[in-house]
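What follows is one structure encoded as structure tokens, with my remarks underneath.
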Amino acid sequence: MEIYGEHLGDQICKIPILHNGLDDYRIWFHNPLGLYSTNSAYSWLEACGVWPPSIFVDTWKLQTLPKIKIFCWHLGHNILPTYKKIFGIWREINSTCPRYGIEKETLLHVMKNCPKAWAVLVYGGFNNNLIEGSYYRTARIIVFCDVEEEAKVTWERAATLRQDFRIFNLLEKPMLPKLVVEKVWKKPGQGVVKINFNTTANGRKMSFGLVARDHDGFVLGGRAGVMDKNVKAEWAELHALEESISFAWTKNWLKLKFESDCVSLVNRLNRTKANFSTMGHRIQEILKLLDPFSNVSFVWALRCCNKAADYLCNWAIVNNCTKDFNMDYPLEIHDIILRDAIN
């Protein structure tokens with residue numbers, strides 16, 4: 001409160017903490033969106049012509065309130081692509097400093113302890129005042145000898161790569177664009193029947209849809225229905241699974257693969273450890289219904305791979321009915337079935 005004041009301190013205390021949120025999110029009260037990431041801030045700095053070392057230098061030289069300096073420091077904190085930062089995105093990268101070889105290459109390590117990285121930053125305009133200021137006080141003195149030319153070469157190479165490949169620039173189209181691969185429904189193995197199921201809710205009603213297909217993508221049957229239940233999404237998906245098992249039992253299929261776009265339910269079904277919650281107890285009861293089958297598996301799929309079951313849910317809501325079908329499936333899903341079978 002002493003640093004930020006009563007009004008701003010109260011706003012900070014009301015900031016929601018997202019346990020599954022990204023690590024590089026920052027809060028900006030004057031931004032109508034409320035949140036931004038360091039990557040987006042970096043792109044804004046790039047558009048203004050600000051290169052990473054200069055943002056730290058300019059931050060230190062600001063004649064303003066401490067809270068503004070802290071804000072600017074956080075703004076540029078994750079700009080430098082250190083190995084520790086890259087390790088958080090790509091786990092196969094070793095986060096240890098490749099030159100110093102003792103500790104992880106964090107931003108503070110680069111600016112204080114790594115001689116070669118420090119020499120490059122000094123050549124780019126960075127000075128020692130920021131590290132030895134009130135934020136990071138250190139008594140360590142590092143002396144560099146005959147590294148100016150090597151630092152110059154490293155700096156110029158980095159600047160060239162940045163310009164040529166537009167590293168970390170979200171405002172411009174990348175030189176090497178990512179390949180966009182369309183996800184499609186995958187056919188099961190020989191002799192296996194894949195059942196896709198899904199649910200949807202409309203007011204106090206829920207609907208479910210399931211469609212069973214063989215290894216060639218041909219429809220073997222399915223079911224769509226409406227129920228007067230007001231339950232949470234995971235419980236609704238669990239009911240759709242129970243309907244799928246019941247439908248498969250009437251057809252005497254032995255090898256089954258159940259596919260859903262509800263990742264939490266699929267994780268629960270594939271988890272073998274005991275779960276004493278109400279949901280866990282219900283799942284154990286449903287899994288006992290699988291004893292007559294010889295081979296059963298549960299897989300997760302993107303929603304775009306579950307379009308047929310999703311459409312059956314909407315179809316059941318619109319028609320307010322429950323219906324079983326064999327190969328004479330509703331014409332409304334014909335194009336979806338055909339596209340999945342071809343792919």
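Each value in this text was obtained by applying a stated rule to the coordinates, not by laboratory testing. Predicted model only: the values in this text are computed from it and were never measured. Note that we place each Cβ from the backbone using ideal geometry, even for glycine, and neighbour counts take in every protein chain shown.
Can you compute the equivalent ellipsoid semi-axes for the range 180-238, i.e. the square root of 5 times each eigenvalue of the Cα gyration tensor, sorted largest first and rounded to whole Å?
Numbers: eigenvalues 147, 42, 16 Å².
Over the Cα atoms of the range 180-238, the ellipsoid semi-axes are 27, 14, 9 Å.
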* Between the alpha-carbon centers of the range 263-340 and the range 222-240, tell me the distance in whole angstrom. => 10 Å
* Rel. contact order, % - alpha carbon contacts under 8 angstrom, at least six apart, the range 208-307 -> 28 percent
* Asked: Karplus couplings for the range 214-223 from phi (6.51 cos²θ - 1.76 cosθ + 1.60, θ = phi - 60°), rounded to Hz, Gly and Pro as x?
  -> 8, 5, 9, x, 7, 6, 9, x, x, 8
* Structure fact -> Semi-axes a, b, c in Å (a largest) for the range 193-342, each sqrt of 5 times a Cα gyration tensor eigenvalue, come to 23, 19, 14
* **Neighbour net charge for Asp228 - beta-carbon separation under 12 angstrom, K R +1, D E -1** => +3
* Could I have the simple spin-label model distance between Val231 and Val184, label points 7 Å from Cα toward Cβ, reported in nm to one decimal? => 3.5 nm
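What full-extension length gain, to one decimal in nm, is calculated for Lys61 and Ile342 as 0.36 nm per residue of separation minus the Cα-Cα distance? List each step's numbers first, then the result.
Values: separation 281, 0.36 × 281 = 101.16 nm, distance 6.33 nm.
Extending this stretch completely gives an extra 94.8 nm.
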* Asked: Where does the charge balance sit around Leu256 when Lys and Arg score +1, Asp and Glu -1, over other residues with C-beta under 14 Å from its C-beta?
  -> 0
* Structure fact -> In the neighbourhood of Asn306 defined by beta carbon distances under 9 Å, the net charge of the other residues (Lys, Arg +1; Asp, Glu -1) is -1
* Report the full-extension gain for the segment Asp214 to Ser297: residue separation times 0.36 nm, less the Cα-Cα distance, to one decimal in nm. => 28.4 nm
